[in-house]
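These notes concern the structure reproduced below.
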Amino acid sequence: MSLSYLTPEFKVLRDYDKCINCKVCMRQCSFEVHSYDEDLDKMVSNDMNCVNCQRCVLLCPTQALTIIKHPQTFKEHANWTYDAIRDIYRQAETGGVLLSSMGNDRPYPVYWDKMVINASQVTNPSIDPLREPMELRVYLGRKPDRIEIDENLNVKTKMPPQLKLETPIMFSAMSYGSISYNAHAALARAAEELGILYNTGEGGLHKDFRKYGKNTIVQVASGRFGVDREYLNTAAAIEIKIGQGAKPGIGGHLPGEKVSEDISATRMIPSGSDAISPAPHHDIYSIEDLAQLIYSLKEATDYQKPVGVKIAAVNNVAAIASGIARAGADYIAIDGFRGGTGAAPKRIRDNVGIPIEFAIAAVDARLRSEGIRHTVSLVAAGSIRNSADIVKAIALGADAVYIATAALIALGCHMCQKCHTGKCNWGIATQDPNLVKRLNPEIGYKRLVNLVQAWSHEIKEMLGGMGINDIESLKGNRLMLRGIGMTQKELDILGILAAGE
Amino acid sequence: MKKVYVKEEVCVGCRLCEVYCITSHSKYKDVLKAYKLEPQRPTPRIVIEENRPVSFSLQCRHCDDAPCVKSCITGAMRKDPLTGVVTCDTDKCVGCWTCVLVCEFGAIIRDVNNKVASKCDLCAEAGEPACVKNCPNEALVYSEGGISV
Amino acid sequence: MKTINALGIYYRDLNEIIKELVRSGEDIINLKNVNGQRYIGDNLSGTTKINIEGTPGNDMAAFMDGLTIEVFGNGQDAIGNTMNDGNIIIHGHAGDVVGYGMRGGSIYIKDSVGYRVGIHMKEYKDKVPVIVIGGSAGDFFGEYMAGGCMIVLNLKNDENIVGEYCGTGMHGGVIYLRGDVEDYQLGKEVIKEKIDDKDYALIQKYVENFCQYFDYDFQKIMNHSFVKLHPIGKRPYGNMYA
């Protein structure tokens, strides 16, 4: 076997004064980094395998471990960076397409951090969220062109089906297969308790979670995994997945090692085989075909449930969204290029797609100018990291946001970006029963509830600060934002003014 | 009476319960010192059962009609009439291991260093069992009526 | 038994009528003068038989879970899209994308089908979908197949029994062709083999049904050589990623 040119990415620092040889680190590392050497009578580490998931660091009873970036560097080069060189070594060694997980980690500008939010001073008094009512509830779905009211002030117009959210946050699509059963259990329970929805992703709906149907959005993706009558009938809404932000334009791939017996039963494919989702839906080659599928699903559910479409944010997303709205979708979920994934080719993840900030602003502006903004709800996704991002997303035009990476981090994810190996030490992105146990759904769902409740309160504080007491008043309200350090063109596309203007 | 119950579906097999059981019965009561300074580290008082992916820790069940109490030849094994906790008085214990043989759960361990029986005492001094307090995944529960409480 | 004249009825109204009848347990529904109404049989389950005279629109029997539909004429595109159970009989041609993501049930087509038929068909244990085609099929037949069984009989002896890229991305399931196919027509994930006794018995079972529906001579059809196409492995792209 010839020499590998890859040095370890991380280094395990073990303080031997503190190490008590309890071997908890060895038992807990699925990447087999730590082992006990009998002859030397000490714990030793194989740095090459370490991915910096920090499981051992957190479980060590004496805090004896620290993981650092391996000090081995290349000569400094602004162009041929550490990553650029190593990627070539890996491809030269394997001949394979580089896979990675979670979202785009390249240093593209983060536009959320270039926008600031307004607050009221004097002319429009702020509202105190702790003592006055604040409305965060939103309804997603097609709204009629006009409403007719009868003499008792009741709405006469028949409303198209709506989804009620107690707060404008939903859990985005993560398939059962890319994440574990326990992770889904935590998401489903948290969605129920919070009065929001979670998305099954394209892996089907496990029968144990059918009881959470009222809080479930089911996805119909190109692989059509798990799509049967019960799936469609149990759900609160159906989402057609055309694309996702992490890998626009290409299909999905769940490696055979993650297709356990249970996954095989839920997806209806042979155990151990790769689960492939083709790139386009092969029955959708035009916008008319999309309309056909949307209506076939509405027909299947007696027009009682909203049918949405999820697309990746790409060039011309505004025109695409306009077409989708006219094709009959009740909501459009737009996934920006920072969106996470269980596995995607690294180059596609890092280079394809556009930021959600621009996508939402462009789609909202285009739909308004065409007079059809009320016919769809918009859901923004693709790296919503905190409540300020949510406020900015809604101000740019979204009705609600989808969070996924943030939810997984709440469950214990440490962003080691190795989900595609199926060895997640936190029990999230794995099907190995030894590892799945580590995610206790009782603990997990409470953490998710805590996160969303905390964010909801922060949103109320920011709204109150702006003098607004209803999230609907923030929707598309570009005047509440100002840009800092952006070019005029960027400000124009986002439709906001520069700070000071 | 309150006992320790296990949710085996979330036990991750880390054995931190064992580490903290040893620590709480050590002289120094501090993990680092218990492991580094004490030449004769205490024997743990719990048994870890493992058959991957199943794992769980097994503690003395503090039986109502404890066979170990009945079979103890020196009277070292005693069930406290008030608290219900079954403890082993190591001063009286002669290390005959009859209790080890007789326990239906296999929850008693032979402390071969001190030649006495080693058994869970629900950390009576501390007030809350160390294993329950330190389980990183809430797999151990200290309650009256079982796991669901 | 209920007969409905579908002439000029909007598809949404027609489907509502059909749904009501199926839900109330109607045993047979005859639809006359059907002319392109879509989504007939969409997500319906039960034991009703629907007879269609005319040409149904696209996505007939999409998501269907039970029911038998017999079309006395040609079908259009996307028949049996993500179908879960039931039986479809078409006395004519069918269009493109038949049985996309099909998971169970059966489709029998007397004549030929278009392209992209049987894409990503799935199966699980004893739930195996089947498509039997009396004529020939177009390109991308059985693309991404993950399960299920398709049989092409080419009874009119068309020049090509299937088009190109047959079985590309196949990682489960099986295709039987009554005739032969050139290697260049097959996806690189497929291997072509002779059939054995078990295969023969399976083909017999479905061809018997075919002959019953379309009044063909069983012996004449079976007295011919068949080839079997199946995937090389479960993980056709296992080595592609690093």
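The values are calculated or read from the model by the stated rules, or taken from the named source; none is laboratory data. Only a predicted model underlies this, so the values are computations on that prediction, with no experimental measurement involved. Reconstructed Cβ throughout: ideal geometry from the backbone, glycine too, with neighbour counts over all protein chains shown.
So which of A:Ala327, A:Ala318, A:Ala333, A:Ala365 is assigned by TED's automatic domain parsing to the domain that holds A:Cys416 and surrounded by 24 or more Cβ atoms within 10 Å (Cβ to Cβ)?
The conditions single out A:Ala333.
Report every pair of residues separated by at least 6 positions or lying on different chains whose Cβ atoms are under 8 Å apart, first residue within region C:32-61 and over 15 Å from C:Ile90 (Cβ atoms), second among the acidic types (Asp, Glu) and part of a strand (DSSP E or B).
Close Cβ pairs (under 8 Å, with a partner that is among the acidic types (Asp, Glu) and part of a strand (DSSP E or B)) amount to C:Lys32/C:Glu53; C:Asn33/C:Glu53; C:Asn43/C:Asp65; C:Leu44/C:Asp65; C:Ser45/C:Asp65; C:Ser45/C:Asp85.
Can B:Lys133 be described as basic (Lys, Arg), under 30 Å from A:Thr62 (Cα atoms) and not in a strand (DSSP E or B)?
Considered against the rule, which asks whether it is basic (Lys, Arg), under 30 Å from A:Thr62 (Cα atoms) and not in a strand (DSSP E or B), B:Lys133 comes out as yes.
How about region C:225-242: which of its residues are in contact with a helix residue (DSSP H, G or I) (Cβ under 7 Å, 6 or more places away or on another chain) and modelled with pLDDT of 90 or more?
Our first condition is that a residue be in contact with a helix residue (DSSP H, G or I) (Cβ under 7 Å, 6 or more places away or on another chain); within region C:225-242, this holds for C:226, C:228, C:234-235, C:238, C:242.
Of everything in region C:225-242, those that are in contact with a helix residue (DSSP H, G or I) (Cβ under 7 Å, 6 or more places away or on another chain) and modelled with pLDDT of 90 or more turn out to be C:Phe226, C:Lys228.
Mind listing whichever residues of region C:211-242 are away from chain A (no Cβ under 14 Å), outside any loop (DSSP other than H, G, I, E, B) and either closer than 22 Å to C:Ile89 by Cβ or touching a residue at least 60 places away in the same chain (Cβ under 8 Å) (or both)?
Step one: of region C:211-242, the residues away from chain A (no Cβ under 14 Å) are C:211-229.
So of that shortlist, the ones also outside any loop (DSSP other than H, G, I, E, B) come out as C:211-214, C:218-222, C:227-229.
Listed by number, the residues that qualify are C:Cys211, C:Gln212, C:Tyr213, C:Phe214, C:Phe218, C:Gln219, C:Lys220, C:Ile221, C:Met222, C:Leu229.
When region C:217-232 is examined, which residues are found to be surrounded by 13 or more Cβ atoms within 10 Å (Cβ to Cβ), more than 18 Å from the chain's Cα centre (by Cα) and not aliphatic (A, V, I, L, M)?
Correct list: C:Phe218, C:Phe226, C:Pro231.
Which is over 30 Å from A:Leu411 (Cβ atoms) and either of a type in the set (A, V, I, L, M) or not in a helix (DSSP H, G or I) (or both), of A:Gly465, A:Gly476?
On inspection, the qualifying residue turns out to be A:Gly476.
Given the criteria within 30 Å of C:Gly114 (Cα to Cα) and assigned to a loop (DSSP other than H, G, I, E, B), does A:Ser273 qualify?
Yes.
Hey, could you check region A:188-212 for residues that are of a type in the set (Gly, Ala, Ser) and modelled with pLDDT of 95 or more and say which is farthest from A:Lys305 (Cα to Cα)?
We begin by selecting, within region A:188-212, every residue of a type in the set (Gly, Ala, Ser); these are A:188, A:190-191, A:195, A:201, A:203-204.
From what is left, the residues that are modelled with pLDDT of 95 or more are A:188, A:190-191, A:195.
Working: A:Ala188: 19, A:Ala190: 22, A:Ala191: 18, A:Gly195: 17 Å.
Step by step, filter region A:188-212, then rank; the result is A:Ala190.
Go through region B:22-38 and give me each residue that's over 19 Å from B:Lys115 (Cα atoms), of a type in the set (D, E, K, R) and more than 7 Å from chain A (Cβ to nearest Cβ).
Matches in region B:22-38: B:Lys29, B:Asp30, B:Lys33.
Residue-wise test of (1) within 14 Å of another protein chain (Cβ to nearest Cβ); (2) surrounded by 14 or more Cβ atoms within 10 Å (Cβ to Cβ); (3) more than 30 Å from A:Trp426 (Cβ to Cβ).
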| site | (1), (2), (3) |
| --- | --- |
| B:Val10 | yes, yes, no |
| B:Tyr20 | yes, yes, no |
| B:Gln40 | no, no, yes |
| B:Cys99 | no, yes, yes |
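Counting just the residues of region C:168-206 that are within 14 Å of chain A (Cβ to nearest Cβ) and of a type in the set (A, V, I, L, M, F, W, C), which one comes out surrounded by the most Cβ atoms within 10 Å (Cβ to Cβ)?
Taking region C:168-206 as the starting set, the residues that turn out to be within 14 Å of chain A (Cβ to nearest Cβ) are C:168-174, C:187, C:189.
The next check asks that each one be of a type in the set (A, V, I, L, M, F, W, C); those that pass are C:170, C:174.
Working: C:Met170: 29, C:Val174: 23.
Filtering region C:168-206 for residues that are within 14 Å of chain A (Cβ to nearest Cβ) and of a type in the set (A, V, I, L, M, F, W, C), the one surrounded by the most Cβ atoms within 10 Å (Cβ to Cβ) comes out as C:Met170.
So, of the residues in region A:71-112 that are within 23 Å of the chain's Cα centre (by Cα), within 14 Å of chain C (Cβ to nearest Cβ) and assigned to a loop (DSSP other than H, G, I, E, B), which turns out to be surrounded by the most Cβ atoms within 10 Å (Cβ to Cβ)?
Taking the candidates together, the pick is A:Ser101.
Which one of A:Asp283, A:Asp289 is more than 21 Å from the chain's Cα centre (by Cα), more than 30 Å from A:Thr421 (Cα to Cα), free of Cβ contacts under 8 Å to residues at least 40 places away in the same chain and buried (at least 24 other Cβ atoms within 10 Å of the Cβ)?
Exactly one residue qualifies, and that residue is A:Asp283.
Go through A:Glu261, A:Glu202, A:Glu239, A:Glu230 for me and flag whichever is free of Cβ contacts under 8 Å to residues at least 12 places away in the same chain and either within 14 Å of chain C (Cβ to nearest Cβ) or buried (at least 24 other Cβ atoms within 10 Å of the Cβ) (or both).
None of the other options fit; the residue is A:Glu261.
Look at region A:114-143 and say how many of its residues are touching a residue at least 24 places away in the same chain (Cβ under 8 Å) and either of a type in the set (Val, Ile, Thr) or farther than 19 Å from A:Ile459 by Cα (or both).
Adding up the residues that qualify gives 7.
Do you know which residues across region A:169-181 are at negative phi and surrounded by 24 or more Cβ atoms within 10 Å (Cβ to Cβ)?
A:Ile169, A:Met170, A:Phe171, A:Ser172, A:Ala173, A:Met174, A:Ser175, A:Tyr176, A:Ser178, A:Ile179, A:Ser180
Tell me which of these A:Val436 doesn't satisfy, since it passes every other one: (1) within 14 Å of another protein chain (Cβ to nearest Cβ); (2) farther than 18 Å from A:Leu187 by Cα.
All conditions pass for A:Val436, except number (2).
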